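Engineer: Please read through the structure below; I'll follow up with questions.
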There are 4 protein chains.
Amino acid sequence: MTKPLNIGMIGYGFMGRAHSNAYAKVNHFFDLPMRPALKAACARDTAKIKAFADKWGYESTETDWRKLVERKDIDAIDICVPNNLHKEIALACAANKKMILCEKPLAMNGAEGKVMVEAVEKAGVPNMVWYNYRRVPAVTLAKQLIDEGKLGRIFHYRAKFLQDWTINPELPQGGTGLWRLDVGAAGSGVSGDLLAHCIDTALWLNGDMSTVSAMTETFVKERKHNLTGKVEKVGIDDACIFYGRFDNGSLANFESTRYARGHKALYTFEINGEHASICWDLHDLHRLQYFDHRDQGMTRGWRDIHVTDGDHPYMGNWWVPGLQIGYEHSFVHQVADFINGLASGKPAQPTFRDAQRTGLVLDAVLESAKSGKWVNVQKA
Amino acid sequence: MTKPLNIGMIGYGFMGRAHSNAYAKVNHFFDLPMRPALKAACARDTAKIKAFADKWGYESTETDWRKLVERKDIDAIDICVPNNLHKEIALACAANKKMILCEKPLAMNGAEGKVMVEAVEKAGVPNMVWYNYRRVPAVTLAKQLIDEGKLGRIFHYRAKFLQDWTINPELPQGGTGLWRLDVGAAGSGVSGDLLAHCIDTALWLNGDMSTVSAMTETFVKERKHNLTGKVEKVGIDDACIFYGRFDNGSLANFESTRYARGHKALYTFEINGEHASICWDLHDLHRLQYFDHRDQGMTRGWRDIHVTDGDHPYMGNWWVPGLQIGYEHSFVHQVADFINGLASGKPAQPTFRDAQRTGLVLDAVLESAKSGKWVNVQKA
Amino acid sequence: MTKPLNIGMIGYGFMGRAHSNAYAKVNHFFDLPMRPALKAACARDTAKIKAFADKWGYESTETDWRKLVERKDIDAIDICVPNNLHKEIALACAANKKMILCEKPLAMNGAEGKVMVEAVEKAGVPNMVWYNYRRVPAVTLAKQLIDEGKLGRIFHYRAKFLQDWTINPELPQGGTGLWRLDVGAAGSGVSGDLLAHCIDTALWLNGDMSTVSAMTETFVKERKHNLTGKVEKVGIDDACIFYGRFDNGSLANFESTRYARGHKALYTFEINGEHASICWDLHDLHRLQYFDHRDQGMTRGWRDIHVTDGDHPYMGNWWVPGLQIGYEHSFVHQVADFINGLASGKPAQPTFRDAQRTGLVLDAVLESAKSGKWVNVQKA
Amino acid sequence: MTKPLNIGMIGYGFMGRAHSNAYAKVNHFFDLPMRPALKAACARDTAKIKAFADKWGYESTETDWRKLVERKDIDAIDICVPNNLHKEIALACAANKKMILCEKPLAMNGAEGKVMVEAVEKAGVPNMVWYNYRRVPAVTLAKQLIDEGKLGRIFHYRAKFLQDWTINPELPQGGTGLWRLDVGAAGSGVSGDLLAHCIDTALWLNGDMSTVSAMTETFVKERKHNLTGKVEKVGIDDACIFYGRFDNGSLANFESTRYARGHKALYTFEINGEHASICWDLHDLHRLQYFDHRDQGMTRGWRDIHVTDGDHPYMGNWWVPGLQIGYEHSFVHQVADFINGLASGKPAQPTFRDAQRTGLVLDAVLESAKSGKWVNVQKA
């Protein structure tokens, strides 16, 4: 029998479910040296966390995350709570020598992130941030193609994350399910929530960014706050656009909004290289578009790769060619890689340190949006 | 705690995994009155079935399916073995009052199917056949739209199931992983394997077929047989095309092949009605194409529905709009419906009796392909 | 100045316009040894043909096609009238040593076609049938790829031509603009009108067909006839499906209908070969889909070729890469090829003899639909 | 017979052909009160302009544009020469009371454009700029939908024009066919050539822009100059990205490059409104994507409108539903509208004054790219 990796989960929302599913499922599809054991789930609401634990098979519950973090029978803490709580919990985990799997973004800002990186590295605990889209097989394939040098010199990197769920001005801000609209809990709006994903992928695929210029907009200026019951000023960015430069000389064009009618969760990126280009989008996540100029001229065209073959990244563990997997599988892959990273000593990415690079780009973006000027990205 | 539904699994191949995953996962996402308990897994190869049971958490193993079928602690038997074994096992299950979840096609032919239907109905045991594609949310949505009358009079039903994995003539027939190429184990080729899916969906969406005219082809006439080690005549159909009529007067055009280069598992259907049309394909199973002629003329067009909203069939149980699910989820939905059917007394479809209708169409298709004449479909 | 090719046009409808546009335009884009000169246009209705001639710049008009055919100043007659008039006019043309450019289908049936072929060959007059889709650049490119052997052994050829313009039962049959619904004028319904195109392309790309099995359907049994003013039985086929075999062993699956809601003129074909496959459709006629199994596995996918480069067939004569041409250009290409064929002595295809092959397949299809049996295609 | 509109053409390149084709063809498809008469074509190279005139049927040639502009038998001058010549010719046309049809962009910059606008308005001569994409039927349809208020409040306008034809550093700058790479002749790179189109459409569809922030890049710093024979510094922008605000409060994100491998001439735009969104791209110019949130939830999806119906803009003049037109038709439509504008007294847009608005946005974009700061767009 494989060795257990004892998990303590903090939170029970959307991400709590996504991660729990990954823990429950990963050993059915991947041969791993350890198996996640769901030891405890934690949240302030006793009834809700018990129901959650019952549904997913967590052995016990806690209502105080500090107690959970101190429990001897827990190896790893999964932080699935709003962004404003990440730092404090992570520091406590480090102090208690727990491994940490933290939801993205790492922190409210780069300053917080810096402290967290230092804490986990000083404590020597394995740490990872759930930028799950790296492990959509089509995205991982993109990384492989780039690493093989297929694209040549890169000229352009374009990314967008378009949603439309907050157009209705009657939608409140704050509280369960809506904390992403509350600047106090989320730190920022689409930039920390959505652009963070775009930036993480970009830094992974295309290297660091040196400088950015950004604008933000808040279309709906006031919303009722669910926690206070009052109509309050909205503090988050509803939309954010920025351009900039990567260290490799390529140009960045990034945009995110929750006001793009018709797009539910349309994360897209495109990379244009000297020899080849790549496109991907989350609405058809099992496909990768690839254009190679070296193909014979007469039959040159964008190739629509259905990333479901046994030799495509991760896909040998699933079904047969043509049968697609979905969103949730990216988390399964991340758990598999985390466990393999523990065994091999080569930590799964992105670690806190990797994720901090994204935080520093976000800092620069938000600062530029305020100042109206170009801002250099701090080096991690 | 919900009541267990004790499962005995026969087989450990592709479908054994797909069903086991569904059993393991269904209660995490659906609120159900019972939960599948993985009591035993059965296959002749002791080592393989132990490994399978270990991976999926089956409590015990058997190497003789007759013993499994007789075990008192088993409520339901899942038949995941080649087609030529379905009948014998199913009859034994009925005799032992076990519920049966049987892989498709139901039987080698209509004659076998008839005996099986009679046996389960006489025994009064719940029974179901794993025509999983009915429960891809986009396909279920198609059913809803048709049932609401949105399409009006139906003129055409077109379906194809195109693959390309047997083009290489060096591929052997027979044995583990390849029994679908062995007529002795499979009964037929693409017709029973692939067209069966197309027909099941069609009968569900568009009602019974009255008459068909078919042709088949075997492109590679001889292949090495893995069980005998000899090059032997290939008995299956590599491709099958048929046209015909449905009882509602609409025309059928069906085709399946394993020689369509570039298509991995491209199951597609299209229905053309007086007012509206629908298209779906398995390579992007989370989408449904819908055209409604009643839309305003200037903005009339095929609507590309990303079937991931909370009010789309089954989708409220998964993630949020825009985040797609995959192939394996259709099995989860089928288990959920099976359990709800047990509780409600309205059995989940397709039952053996429903699936027998597909078997009778297949009989007519294969008879027509032999005779070169139109053949009427027997009524179930 | 290039030498004139004096054209006499019979008809002024949709095809009269399409051909006139081709004549008017071809020398602006192609360097040719001759230029079409629009000498005369002919139709029974004096006012209409004068208006047509004025619009397009025909120098004169006739109201009796026999007079036109006898005119000394005419080199070539363009037959753009209903099918039931093709034979008589063509025979008169041959007798008067006129070149003939005849709309498709060549004739009402194979028997008529045979007489026409014999007449033009005996007279030694250049002759061509307007199967224009061969000269859509993407289709011509498909032909090139096949001729280069890129596909290898062919397994499947599938074609459909789907429309939806006759679903309304109030639409009358017969008379101007609607003669295609009148069996007396058209000879058949979708088979002669639409499948004829599919078959012509298929024979060109994939060689002759040996045998077919077909069904037809007339969904609306009676329509008001515009010429008699009475409700009369509809004699045409509203839909036609057939399967069969090509001489090269590949399987055919063809379908046409005017009852496919949502499809305006969706002519599609797909060819599956051992090594590669090709798809095309008329709704995006400037694109060709190409899949090559010999591509590296990881990046294998359907290539979406935007057939607008200078080295793509005919495209060097138009604009720059990325800028698409449309439907009408296929006729321009056909005129260019016809003129080049006159000069080179290698007649442009399809000649009457080539088009007769399509007529014989149609004969077999319609005979099979009547008899319910397989029918061998007569050799031309 | 309709009255002639006597055209004098200056230039014989790509645009000379596109416009000549429009003049030659427009009366075949549109009923108009005038018909373009090709009186004279002008260029410095005697042989080339004679060949051009011969091909297109211009009655005469000139080698000095000043003589052409002074000819009494010419009503309208078509300016199809590099941007640096627009102003001088246009001023001479105005002085000689000639109508002017000027290629885009109107001028090298806003200062030049201002003088030109004043000149034509003072002279009272009809004037128009060839921003042809407004008259692609799908784009015109977008305008209609917006004018009907279907989109509601606009949040986002996104446009890109991506090409890949200058990636090769061996490509020279300057001279015939390559003057667009020579800053002396073109004034700028992708901004004036490609973004100008994007901006013109945007201002037409979404109103004026108030402020922009831009970056540009020149990837290949030096190229051989064809006129001097020497390797010289490249003065144009190879890529340009800008964001900004429209007067209606919506956000702009624009980008253009000639270094996007795989894209030949991919002009795309997307507009996100409160109720509905629209997308279009030049590679499939006959289609418009439309999403309407007011559609019934279950069947809501992007509608793929095949803009080929008789009631779609301009399409009643062409073929039948399903049969697409191409790039060149946008020019035919513009000539038809120009002539109708002469007759009705409501001038066809964009006039010089309309086009000047685009020039002022371009000025602001280029100034911002230099300064690294937000720049307000001057009002025309």
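The values are calculated or read from the model by the stated rules, or taken from the named source; none is laboratory data. From a predicted model like this one, the values you see are computed outputs, not experimental measurements. Cβ: placed from backbone, ideal geometry, glycine included. Neighbour counts: every protein chain shown. Side chains included, ligands, DNA and RNA excluded: accessible areas come from the protein's heavy atoms. Shrake-Rupley method; radii C 1.70, N 1.55, O 1.52, S 1.80 Å.
Engineer: Among A:LYS370, A:LYS346, which is away from chain B (no Cβ under 14 Å), outside any loop (DSSP other than H, G, I, E, B) and free of Cβ contacts under 8 Å to residues at least 60 places away in the same chain? Give the steps one after another, and end with the answer.
Structural biologist: Numbers: A:LYS346 fails: outside any loop (DSSP other than H, G, I, E, B).
Being away from chain B (no Cβ under 14 Å), outside any loop (DSSP other than H, G, I, E, B) and free of Cβ contacts under 8 Å to residues at least 60 places away in the same chain holds for just one of A:LYS370, A:LYS346, which is A:LYS370.
Engineer: Applying the selection to region B:213-249, what residues are farther than 21 Å from B:ASP164 by Cβ and either buried (at least 24 other Cβ atoms within 10 Å of the Cβ) or aromatic (Phe, Trp, Tyr) (or both)?
Structural biologist: B:SER213, B:ALA214, B:TYR243, B:GLY244, B:PHE246
Engineer: To continue, here is another question. Among the listed residues A:ALA111, A:ALA123, A:ALA119, which satisfies the condition of being over 23 Å from A:ALA185 (Cα atoms) and either modelled with pLDDT of 95 or more or open to solvent by 10 Å² or more (accessible area, probe 1.4 Å) (or both)?
Structural biologist: Details: A:ALA111 fails: over 23 Å from A:ALA185 (Cα atoms); A:ALA119 fails: over 23 Å from A:ALA185 (Cα atoms).
Just one listed residue meets the conditions, A:ALA123.
Engineer: Take B:THR46 and decide whether it is out of contact with any Phe, Trp or Tyr (no Cβ under 7 Å at 6 or more places or on another chain), polar (S, T, N, Q) and open to solvent by 50 Å² or more (accessible area, probe 1.4 Å). First the steps, then the outcome.
Structural biologist: On the way: out of contact with any Phe, Trp or Tyr (no Cβ under 7 Å at 6 or more places or on another chain): yes; polar (S, T, N, Q): yes; open to solvent by 50 Å² or more (accessible area, probe 1.4 Å): yes.
The answer is yes for B:THR46.
Engineer: Could you tell me whether B:ILE77 is touching a Cys at 6+ places or on another chain (Cβ under 8 Å), surrounded by 16 or more Cβ atoms within 10 Å (Cβ to Cβ) and under 30 Å from A:ARG35 (Cα atoms)?
Structural biologist: Taking the combined requirement at face value, the residue satisfies it.
Engineer: In region C:20-43, is there at least one residue being more than 18 Å from C:MET99 (Cβ to Cβ), away from chain D (no Cβ under 13 Å) and over 25 Å from the mean Cα position of the chain (by Cα)? Step through it out loud before you land on a result.
Structural biologist: In the first step, residues of region C:20-43 are kept if they are more than 18 Å from C:MET99 (Cβ to Cβ); the result is C:21, C:24-25, C:28-31, C:43.
Checking the rest, the ones that are also away from chain D (no Cβ under 13 Å) come to C:43.
Then keep just the ones that are over 25 Å from the mean Cα position of the chain (by Cα); that gives none.
Within region C:20-43 (the criterion being more than 18 Å from C:MET99 (Cβ to Cβ), away from chain D (no Cβ under 13 Å) and over 25 Å from the mean Cα position of the chain (by Cα)), the answer is no, since none of the residues qualifies.
Engineer: I'm trying to understand the selection: among the residues of region C:47-57, which are out of contact with any His (no Cβ under 8 Å at 6 or more places or on another chain) and not in a loop (DSSP other than H, G, I, E, B)?
Structural biologist: Restricting attention to region C:47-57, the residues satisfying the condition of being out of contact with any His (no Cβ under 8 Å at 6 or more places or on another chain) are C:47-54, C:57.
Listed by number, the residues that qualify are C:ALA47, C:LYS48, C:ILE49, C:LYS50, C:ALA51, C:PHE52, C:ALA53, C:ASP54.
Engineer: Residues D:ARG245, D:ARG303, D:ARG223: which one is within 14 Å of chain C (Cβ to nearest Cβ), assigned to a strand (DSSP E or B) and farther than 23 Å from A:GLU270 by Cα?
Structural biologist: Numbers: D:ARG245 fails: within 14 Å of chain C (Cβ to nearest Cβ); D:ARG223 fails: within 14 Å of chain C (Cβ to nearest Cβ).
Result of the check over D:ARG245, D:ARG303, D:ARG223: D:ARG303.
Engineer: Among the residues of region D:267-280 satisfying the criterion of being closer than 20 Å to D:VAL365 by Cβ and in contact with a helix residue (DSSP H, G or I) (Cβ under 8 Å, 6 or more places away or on another chain), which is farthest from the other protein chains (Cβ to nearest Cβ)?
Structural biologist: Quick first cut of region D:267-280, residues closer than 20 Å to D:VAL365 by Cβ only: D:267-271.
Checking which are in contact with a helix residue (DSSP H, G or I) (Cβ under 8 Å, 6 or more places away or on another chain) leaves us with D:267-269, D:271.
Values: D:TYR267: 9, D:THR268: 12, D:PHE269: 13, D:ILE271: 9 Å.
This residue is D:PHE269.
Engineer: So, one more: For region B:281-300, how many residues are within 11 Å of chain A (Cβ to nearest Cβ) and not in a loop (DSSP other than H, G, I, E, B)? Full working, then the answer.
Structural biologist: Initial filter on region B:281-300 (within 11 Å of chain A (Cβ to nearest Cβ)): B:281-287.
Then drop every residue that is not not in a loop (DSSP other than H, G, I, E, B), which leaves B:281-284, B:287.
Total meeting the criteria: 5.
Engineer: Quick check on my filter: what residues within region C:257-269 are open to solvent by less than 20 Å² (accessible area, probe 1.4 Å) and either assigned to a strand (DSSP E or B) or modelled with pLDDT under 95 (or both)?
Structural biologist: Those that are open to solvent by less than 20 Å² (accessible area, probe 1.4 Å) and either assigned to a strand (DSSP E or B) or modelled with pLDDT under 95 (or both): C:THR257, C:TYR267, C:PHE269.
Engineer: Within the bounds of region C:9-23, is there any residue that is farther than 18 Å from D:HIS28 by Cα and assigned to a loop (DSSP other than H, G, I, E, B)?
Structural biologist: no
Engineer: Based on what the data block shows, is B:GLY297 at pLDDT below 95 and among the small types (Gly, Ala, Ser)? Give the derivation first.
Structural biologist: Numbers: at pLDDT below 95: yes; among the small types (Gly, Ala, Ser): yes.
Yes; evaluated as a whole, the condition is true for this residue.
Engineer: Further question on the same structure: Which residues, counting only those in region D:69-78, are within 24 Å of the chain's Cα centre (by Cα) and not β-branched (Val, Ile, Thr)?
Structural biologist: Hits for region D:69-78 are D:ASP75, D:ALA76, D:ASP78.
Engineer: What pairs come out if I take residues in region B:147-159 that are closer than 16 Å to B:ASP247 by Cα and pair them with residues that are acidic (Asp, Glu) and open to solvent by less than 40 Å² (accessible area, probe 1.4 Å) whose C-beta lies under 6 Å away, six or more apart or interchain?
Structural biologist: So the pair list comes out as B:ARG158/B:GLU270.
Per-residue answers, yes or no, for (1) open to solvent by less than 10 Å² (accessible area, probe 1.4 Å); (2) in contact with a Cys (Cβ under 7 Å, 6 or more places away or on another chain); (3) β-branched (Val, Ile, Thr):
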| site | (1), (2), (3) |
| --- | --- |
| A:SER277 | yes, no, no |
| A:HIS286 | yes, no, no |
| A:PHE291 | no, no, no |
| A:ASP295 | no, no, no |
| A:MET298 | no, no, no |
| A:MET315 | yes, no, no |
| A:VAL320 | no, no, yes |
| A:GLY326 | yes, no, no |
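Engineer: Which residues, counting only those in region B:88-98, are without any contact (Cβ under 8 Å) to a residue 40 or more places away in the chain and open to solvent by 10 Å² or more (accessible area, probe 1.4 Å)?
Structural biologist: B:GLU88, B:LEU91, B:ALA92, B:ALA95, B:ASN96, B:LYS97 - these are the residues of region B:88-98 that are without any contact (Cβ under 8 Å) to a residue 40 or more places away in the chain and open to solvent by 10 Å² or more (accessible area, probe 1.4 Å).
Engineer: Scan region D:219-243 for residues that are without any contact (Cβ under 8 Å) to a residue 40 or more places away in the chain and within 23 Å of the chain's Cα centre (by Cα) and report the count. Steps first, answer last, please.
Structural biologist: So in region D:219-243, the residues without any contact (Cβ under 8 Å) to a residue 40 or more places away in the chain come out as D:221-222, D:229-231, D:233, D:241, D:243.
From what's left, within 23 Å of the chain's Cα centre (by Cα): D:241, D:243.
Count: 2.
Here's the yes/no breakdown for (1) over 20 Å from the mean Cα position of the chain (by Cα); (2) over 26 Å from C:ALA348 (Cα atoms):
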| position | (1), (2) |
| --- | --- |
| C:ARG134 | no, no |
| C:VAL139 | no, no |
| C:LEU151 | yes, no |
| C:GLY175 | yes, yes |
| C:GLY189 | no, yes |
| C:LEU195 | no, no |
| C:GLY207 | no, no |
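Engineer: Residue by residue through region B:186-201, note down the ones that are surrounded by 24 or more Cβ atoms within 10 Å (Cβ to Cβ) and acidic (Asp, Glu).
Structural biologist: B:ASP200
Engineer: Can I ask one more? With region B:58-166 as the region, which strands (runs of 3 or more DSSP E) entirely inside it contain at least 3 residues that are over 30 Å from D:ARG300 (Cβ atoms)?
Structural biologist: Values: elements: B:60-62, B:76-79, B:99-102, B:127-129, B:154-162.
Answer list for region B:58-166: B:60-62, B:76-79, B:99-102, B:127-129.
Engineer: Could you list all residues from region D:193-220 that are touching a helix residue (DSSP H, G or I) at 6+ places or on another chain (Cβ under 6 Å) and either under 15 Å from D:ARG258 (Cα atoms) or within 14 Å of chain A (Cβ to nearest Cβ) (or both)?
Structural biologist: D:ASP193, D:ALA196, D:HIS197, D:MET209, D:VAL212, D:SER213, D:ALA214, D:MET215, D:THR216 - these are the residues of region D:193-220 that are touching a helix residue (DSSP H, G or I) at 6+ places or on another chain (Cβ under 6 Å) and either under 15 Å from D:ARG258 (Cα atoms) or within 14 Å of chain A (Cβ to nearest Cβ) (or both).
Engineer: Is at least one residue of region A:23-31 open to solvent by less than 50 Å² (accessible area, probe 1.4 Å), charged (D, E, K, R) and either at pLDDT below 95 or closer than 28 Å to B:TYR58 by Cβ (or both)? Break it down into steps so the answer makes sense when it comes.
Structural biologist: Let us first name the residues in region A:23-31 that are open to solvent by less than 50 Å² (accessible area, probe 1.4 Å), namely A:23-30.
Among the residues that remain, those that are also charged (D, E, K, R) are: A:25.
Now restrict to residues that are either at pLDDT below 95 or closer than 28 Å to B:TYR58 by Cβ (or both): A:25.
Checking region A:23-31: at least one residue is open to solvent by less than 50 Å² (accessible area, probe 1.4 Å), charged (D, E, K, R) and either at pLDDT below 95 or closer than 28 Å to B:TYR58 by Cβ (or both).
Engineer: If you scan region A:311-340, which residues turn out to be farther than 19 Å from A:ASP281 by Cα, more than 9 Å from every other protein chain (Cβ to nearest Cβ) and either among the charged types (D, E, K, R) or out of contact with any strand residue (DSSP E or B) (no Cβ under 8 Å at 6 or more places or on another chain) (or both)?
Structural biologist: Residues satisfying the conditions are A:GLY316, A:ASN317, A:VAL332, A:ALA336, A:ASP337, A:ASN340.
Engineer: Something else now. Suppose we filter region D:127-153 for residues that are crowded, with 22+ Cβ neighbours inside 10 Å and within 12 Å of chain A (Cβ to nearest Cβ); how many remain?
Structural biologist: Matching residues across region D:127-153 total 1.
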